[in-house]
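The values are calculated or read from the model by the stated rules, or taken from the named source; none is laboratory data. Source: prediction; values computed, not measured. Glycine also receives a Cβ, built like all others from the backbone with ideal geometry; neighbour counts cover every protein chain displayed.
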Number of protein chains: 2
Amino acid sequence: MQLDCPMPELDFDIITLGHGSGGLLTNKLLESGVFNLLSNDKLDTHHDGAILSFNGAVGFSTDSFVISPIFFPGGNIGELAVNGTVNDLAMCGAIPQHLSLGFVLEEGLSMADFWQILVSIKSACERAGVQVVTGDTKVVEKGKGDKIFINTTGLGPIHPRADIRMSRIQPGDKVVISGNLATHGVAILSVREGLQFETDIESDTCNLNHTVRALLDEFGPAIHLMRDPTRGGVATVLNELARDTRLGVDIHQPLLPLDEQVEGACEILGLDPLYVANEGIFIAIVEAGQAEAFTSKLRSLEHGENAAVIGEVVDAHPRQVVLSSNIGGKRVVNMPVGEQLPRIC
Amino acid sequence: MQLDCPMPELDFDIITLGHGSGGLLTNKLLESGVFNLLSNDKLDTHHDGAILSFNGAVGFSTDSFVISPIFFPGGNIGELAVNGTVNDLAMCGAIPQHLSLGFVLEEGLSMADFWQILVSIKSACERAGVQVVTGDTKVVEKGKGDKIFINTTGLGPIHPRADIRMSRIQPGDKVVISGNLATHGVAILSVREGLQFETDIESDTCNLNHTVRALLDEFGPAIHLMRDPTRGGVATVLNELARDTRLGVDIHQPLLPLDEQVEGACEILGLDPLYVANEGIFIAIVEAGQAEAFTSKLRSLEHGENAAVIGEVVDAHPRQVVLSSNIGGKRVVNMPVGEQLPRIC
């Protein structure tokens, strides 16, 4: 979706410390078009917070985004920040509705860049069906930040059929992945200083909430757990699952959905796609008898066309994730120690 | 309150990029004692978000904290981040209950400093009666942040007697301030590089929610608005009020509660206390007939001993704030343009 939101005429073209003062310049910045762009009845009260209404269980999730570079193939930090929290809520079984937005801007950020990020935030909110209802803007001196950091914190009612809990996982449950691995991480890597390489790979950042909602409508409690394998990749999510359930996880390399270009880039760079950060995919642990129907439904949904069953939860090798490789061998997939790619989200 | 929470024995003494990776080092950092320190049943699920339950109206507020220095007379960035969002919720008429906590750490931050901040967060949460239920930790390279930035986002049910809305303000309403002006700003200024001066002034950062709750219990709808005059000070809050209500505000300099040392420091530094940032105070706009009883009650409550009626809302001079000075003159108090003291919160 391309929004037609030209930047308003302003008498400043970069962010200065004064824009974080809370005084006239802060008001000027917000009223320059920011409030208009994101306008809704709750944000428009301009109070210290928003007043919402809920009846029953509510999901609540926070994430700070520090990705570098802030503009990357397939997106920018603005839509990433909206999609990231929308997806974390969806993983809890929530239907995302409301977001808060906290900016830490570095003095000297160009207003044109900030505007482009704001427009992406607006588009991403529209796609996901959520509203920014409250926010905060701080400015730090040049050299004390890095252009822009964004915190989003989200809220939404829990889907009535959701019962997402680690403790519901059973041996025999299937491990389903909703799409191709490693796309986001490789796209970011391709534009990192000192690492640039020629590729058409774009980040798959997107909102997964509509897809997840359709799955919850149909499969409800057969979905035992959902997780988006962002930082640390699929290997980290599965290792946390094995650790916390004290069960084992088997995954099968031939079943892992992987774009050919991404696979090639991983080979050249010596990266294991299981450890690369993802954005637009999630892992679901699904009751064995429902897993095929679940995956087939998922393949019919937006962002789900490459979904696949990639393994199962097992009694054997508790707390370990074991990969059966393409050539028939088996190896333990450990949790990564440190950072393959810092600041990937 | 001093908590006895010694730092656990760790095999690292500074934060590295790997601690933000989402992998083993992130897990190690969180399980080193962070989760234990802040433990509660919701945080302990270690999911991407928390699941809460509400019935009815809920306040939702966010703030990012970038104060420099991170340790200052009277507190540190940890308790400031808890108190700040607790107070923003209280200003909306909410009873704060749940917080999210988002860290952006700079590589090289000492674990001892981080631990001290975490312990302050725990104490501040206990004082305010709130729980951290979900969180996020990112690490940026040395020189791309400034030790630690904290986002807190909070939730809590709206007090049943609260009806806080700008549109309820009437000519004749009294302007009440809950305590001494400018204390926080002057305390921070006294330790800024290049500006150090000898003083015993400490920040008044504190949680105001218990005080506000007691006032709402007794005065309910007689309280038309509450605001905490943080960045931009009292002048900014009153100017926003005058602008948004299209009414005037009169304030009387002899009635402004001001600590003698703070007043002296402001004189020496050429600062107008009306523009200096505050933390531990709030402004209430109260129905005229209840204002004396309100202020007298407030003076009997925690953090309210210096409360005073400082002015009133008027029909005259719409959209302007006018100060009657100690020597009998009158002057317009404008909204400050930029930043008197950057990164005050």
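B:ILE281: among the aliphatic types (A, V, I, L, M) and surrounded by fewer than 21 Cβ atoms within 10 Å (Cβ to Cβ), yes or no?
no
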Problem - Top-ranked residue of region B:132-162 - restricted to ones that are more than 11 Å from chain A (Cβ to nearest Cβ) and in contact (Cβ under 8 Å) with a residue 40 or more places away in the chain, ranked as farthest from B:PRO96 (Cα to Cα) - result: B:ILE148
Exercise for the section: Pick out the one residue from A:ASP217, A:ASP250 that is farther than 25 Å from A:HIS98 by Cβ and of a type outside the set (A, V, I, L, M). Expected result: A:ASP250
Handout entry: A:ILE344 vs. criteria of a type in the set (Val, Ile, Thr), touching a helix residue (DSSP H, G or I) at 6+ places or on another chain (Cβ under 9 Å) and surrounded by fewer than 16 Cβ atoms within 10 Å (Cβ to Cβ)
Key = no
Completion exercise
Scanning region A:264-278 for residues that are crowded, with 21+ Cβ neighbours inside 10 Å and touching a Cys at 6+ places or on another chain (Cβ under 8 Å), the one farthest from A:LEU208 (Cα to Cα) turns out to be A:PRO273
Practice task
For region B:22-44, name all the residues that are assigned to a loop (DSSP other than H, G, I, E, B) and touching a residue at least 12 places away in the same chain (Cβ under 8 Å).
Solution key: B:ASN40, B:LYS42
Fill in the blank from the handout: Taking region A:288-299 and the residues there that are within 30 Å of A:ASP63 (Cα to Cα) and touching a helix residue (DSSP H, G or I) at 6+ places or on another chain (Cβ under 7 Å), the one that is surrounded by the fewest Cβ atoms within 10 Å (Cβ to Cβ) would be A:LYS297
Practice task
Answer yes if at least one residue in region A:26-36 is farther than 23 Å from B:GLU240 by Cβ, of a type outside the set (D, E, K, R) and within 13 Å of chain B (Cβ to nearest Cβ), and no otherwise.
Solution key: no
Exercise for the section: Being surrounded by fewer than 18 Cβ atoms within 10 Å (Cβ to Cβ) and more than 18 Å from A:GLY179 (Cα to Cα) is the filter here, so list the residues in region A:300-321 that pass it. Expected result: A:VAL314, A:ASP315, A:ALA316, A:HIS317, A:PRO318, A:ARG319
Problem - Pairs where the first residue, in region A:235-248, is assigned by TED's automatic domain parsing to the domain that holds A:SER324 and the second is assigned to a helix (DSSP H, G or I), C-beta under 7 Å, 6+ apart - result: A:ALA235/A:LEU274; A:ALA235/A:TYR275; A:ASP244/A:MET166; A:THR245/A:MET166; A:GLY248/A:ALA242
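Conditions (1) in the same structural domain as B:GLY84 (by TED's automatic domain parsing); (2) farther than 18 Å from B:VAL86 by Cβ; (3) under 22 Å from the mean Cα position of the chain (by Cα), marked per residue:
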site	(1), (2), (3)
B:GLU198	no, yes, no
B:ILE201	no, yes, yes
B:ASN207	no, no, yes
B:ARG213	no, no, yes
B:ILE223	no, no, yes
B:ASP228	no, no, yes
Practice task
May I ask you to list the residues in region A:266-283 that are within 18 Å of A:GLN253 (Cβ to Cβ), assigned to a loop (DSSP other than H, G, I, E, B) and not β-branched (Val, Ile, Thr)?
Solution key: A:GLY270, A:LEU271, A:ASP272, A:ASN278
Problem - Subset tally (residues that are surrounded by fewer than 15 Cβ atoms within 10 Å (Cβ to Cβ) and touching a Lys or Arg at 6+ places or on another chain (Cβ under 7 Å)) for region A:322-341 - result: 1
Practice task
Answer yes or no as to whether B:GLY78 is at the interface with chain A (Cβ under 7 Å from one of its Cβ atoms), of a type in the set (Gly, Ala, Ser) and surrounded by 24 or more Cβ atoms within 10 Å (Cβ to Cβ).
Solution key: no
Practice task
Return yes or no: is A:LEU341 within 12 Å of A:ALA235 (Cβ to Cβ) and either not hydroxyl-bearing (Ser, Thr, Tyr) or not assigned by TED's automatic domain parsing to the domain that holds A:CYS266 (or both)?
Solution key: no
Exercise for the section: State all residues of region B:1-20 that are within 12 Å of chain A (Cβ to nearest Cβ) and more than 31 Å from the chain's Cα centre (by Cα); if no residue qualifies, say none. Expected result: B:PHE12, B:GLY18
Exercise for the section: Could you check how many residues of region B:45-71 are surrounded by fewer than 20 Cβ atoms within 10 Å (Cβ to Cβ) and more than 11 Å from every other protein chain (Cβ to nearest Cβ)? Expected result: 2
Practice task
Could you figure out which of (1) in a strand (DSSP E or B); (2) more than 7 Å from every other protein chain (Cβ to nearest Cβ); (3) within 16 Å of B:ALA124 (Cα to Cα) isn't true of B:LEU105?
Solution key: (3)
Handout entry: Which listed residue, of B:ILE223, B:ILE268, B:ILE251, is modelled with pLDDT under 95, under 27 Å from B:SER324 (Cβ atoms) and of a type in the set (Val, Ile, Thr)
Key = B:ILE268
Problem - B:LEU99 under 16 Å from B:GLY20 (Cβ atoms), more than 8 Å from chain A (Cβ to nearest Cβ) and either assigned to a helix (DSSP H, G or I) or not acidic (Asp, Glu) (or both) - result: no
